[in-house]
Structure formats: structure tokens, C-alpha cells
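So the structure is just underneath, and the comments pick up after that.
The values are calculated or read from the model by the stated rules, or taken from the named source; none is laboratory data. All figures in this text were calculated on a predicted structure; none of them were measured in a lab. Here the Cβ positions follow ideal geometry from the backbone for every residue, glycine too, while neighbour counts run over all protein chains shown.
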């Protein structure tokens, strides 16, 4: 594993050389979840969108963070007691509107992403890469937006019919615009297409999206060789299909779920080496997903081990924008909270 893990007596995990500094109680994980997702509110820009460490507003980064927010919301909202993202829990302004706070925060960014849609010319339908009139059209940002807008049509279904109808249409249109762009469906964008098609299939059940998934090199490819992030979007699609498999045949669903377990086994089998906190958090999410699928305690224990000594929200991370770091940390903490 990229985090050194050894099995000791009675199956306990022994982690050589690590200083244990993570939360260990149920309330600690709840607090960490709240802290991680409350960190987005101070980053809101007056003109919309979240700012990153350098003050920029990047569409792809924002969409990836939303995707991890939705995964965390799905986990926490299944808990049998009030979840950390319910209305009034996060440190944001939108309290008392009967919308869970995490969905309020995600909606702020979704609205900004929608505003980046180019309305005319050869790039019509695509999203600009970020803020500023000079920002160019971006296929990865367009597809990541299609993914999270499609997901929004599921997560907001109980709260705002007009909003989900608009998000559904925006997702369909963005995906179609990206597909229509000559040369867009190349190797560099294949992970983004895979994630977007997975979300659209899950939301709509339409066979065309399943056909696109099966035509992707990621349908049977190893997507977990590197941690997910803005430059590796395919794992988000695979993890979604593993937990939302009702649109797949039984053999396909079983193969997808087994691929997640195999990815976790790959982590456990790797020689121990120093690893950046962001990568450890993403490893923890994969291990947690393997536990959810298999029920095998080794993955649960390894996911908790991945959390040991992780920095706090907003801690500088080499190669990981704060928005991505905070969202990954919040998702892993929400899983730990669910495990009480």
C-alpha cells in the first residue's frame, strides 16, 4: 500500500513510524466533517464561485470538489441520526431554508459553473475553464460540470423541482456539446467522458450513456493506478457505478464492484512509502468503498489508518488545491462518522 500497513495479531493494523493524531471518537469525525465543508464558505467570491489558494476560480477544480461533496452527502444522509450537513450545521449563511447545508454550498458553485457556459460561436455549449473573459473553452471542465449537474438532478430531487430540471438539461447539453467537438474524445479526455457518462446513466437510465461507457477504455481498464483528481477523473465514475449499479446487468455490476475491491487490494499490496496527505485521503476513500462493497474488516481498518495524522482543512497540499483537499478530507471524515 502507498501507506505502510502490516497485519498484526488478531488482525489489528500496525503502522510503523506513524504518529497517531487523528480524531478517534464519533463526535470528532462529525466535527472534522463540519470543519472541512464549512471551509468553502469563506472562499466564496462576490461574483460567484469558490476561490482557490491563489485567488483564482477554476471550473474543473470546483466541479471535482462538488462531486466529492455529493458523495459525502450521500454517506452522511444515510446515517440513522442527524447528519453533519443538515440545515443549520455548517458555518454558512443559508440556514433555515430547509435545504441541507452541504447542498446549499454546492449549489453556490453549481450556479457559477452554469454561468460559464458559452452561448454562441464555435464553442457554444462548452464551459470556459474559469473566471475572466479570456478564459478558453475546456472539454474537461465541460464534462465535469455535466457530471455534477447530472448528480444534482438526483440529490436535490426532494427540495427544488425547477432547479433539478434545469441541472438535468444543462448536464445533457454540456455532454452533447463536448461529444460534438471534433477531436474531443481522445485519450486526454477519456476519464472525463467516462465520469460524465456514468452520472448521466445513473440519473437517466438511457441506453446511449451505457453504450458510451462500454466504448470507453475505462470500462474494463484499471482506473485506480493513480489517485482521483482533476487530472484523473475516471475513478469518480467507477466508484459511482459500484454503488449505483441498478442500470447495469448483474455481471457488469459485479465486475465493477470487484474492480473497486481489486483497487483496494492493490493499495494493501504495495510496499510502504511516504505519501502526500491528499493521496492518503483518496486512498482512504477507495479503501472505505471496498469495505462498503465487501464488508471485509481489513478495508475498514485500513481506511481509518489512512486518516491517521492527516492535516486539518485548508492545510497547504502539494499538487492538490485546497478545494480538492477539503472535499476529500470531508468525504473521508463523513464515512468515518457513519461507521460509529
Note to self: Between 230, 182, which is at pLDDT below 95 and in contact with a helix residue (DSSP H, G or I) (Cβ under 8 Å, 6 or more places away or on another chain)?
What the structure shows: 230
Next item on the list: Out of 282, 247, report the one residue that is crowded, with 19+ Cβ neighbours inside 10 Å and in contact with a strand residue (DSSP E or B) (Cβ under 8 Å, 6 or more places away or on another chain).
Entry: 282
Checklist line | Subset of segment 205-224 that is out of contact with any helix residue (DSSP H, G or I) (no Cβ under 7 Å at 6 or more places or on another chain) and in contact (Cβ under 8 Å) with a residue 24 or more places away in the chain - its residue that is nearest to residue 156 (Cα to Cα) | finding: 205
Notebook entry, point to check: Can you name the residue in segment 94-116 that is farther than 18 Å from residue 330 by Cβ and at pLDDT 95 or above and is also nearest to the chain's Cα centre (by Cα) among such residues?
Noted result: 113
Check: On the given criteria, is residue 146 more than 22 Å from residue 187 (Cα to Cα) and free of Cβ contacts under 8 Å to residues at least 60 places away in the same chain?
Finding: no
Margin query: Of everything in segment 130-163, what is under 24 Å from residue 183 (Cβ atoms), at pLDDT below 95 and within 21 Å of the chain's Cα centre (by Cα)? Give them in sequence order.
Written below: 130
Check: Do you know which residues across segment 28-55 are touching a strand residue (DSSP E or B) at 6+ places or on another chain (Cβ under 7 Å) and part of a loop (DSSP other than H, G, I, E, B)?
Finding: 40, 52
Notebook entry, point to check: For residue 91, all conditions in the list (1) assigned to a loop (DSSP other than H, G, I, E, B); (2) at pLDDT below 90; (3) on the phi < 0 side of the Ramachandran plot hold save one; what is the number of the exception?
Noted result: (2)
Item checked: Some residue of segment 74-81 being surrounded by fewer than 24 Cβ atoms within 10 Å (Cβ to Cβ), at pLDDT below 90, under 19 Å from the mean Cα position of the chain (by Cα) and closer than 21 Å to residue 145 by Cα -> yes
Check: If you take the residues in segment 82-98 that are surrounded by fewer than 18 Cβ atoms within 10 Å (Cβ to Cβ) and in contact (Cβ under 8 Å) with a residue 40 or more places away in the chain, which one is farthest from residue 164 (Cα to Cα)?
Finding: 91
Next item on the list: Identify all residues within segment 321-340 that are surrounded by fewer than 22 Cβ atoms within 10 Å (Cβ to Cβ) and part of a loop (DSSP other than H, G, I, E, B); write none if there are none.
Entry: 339, 340
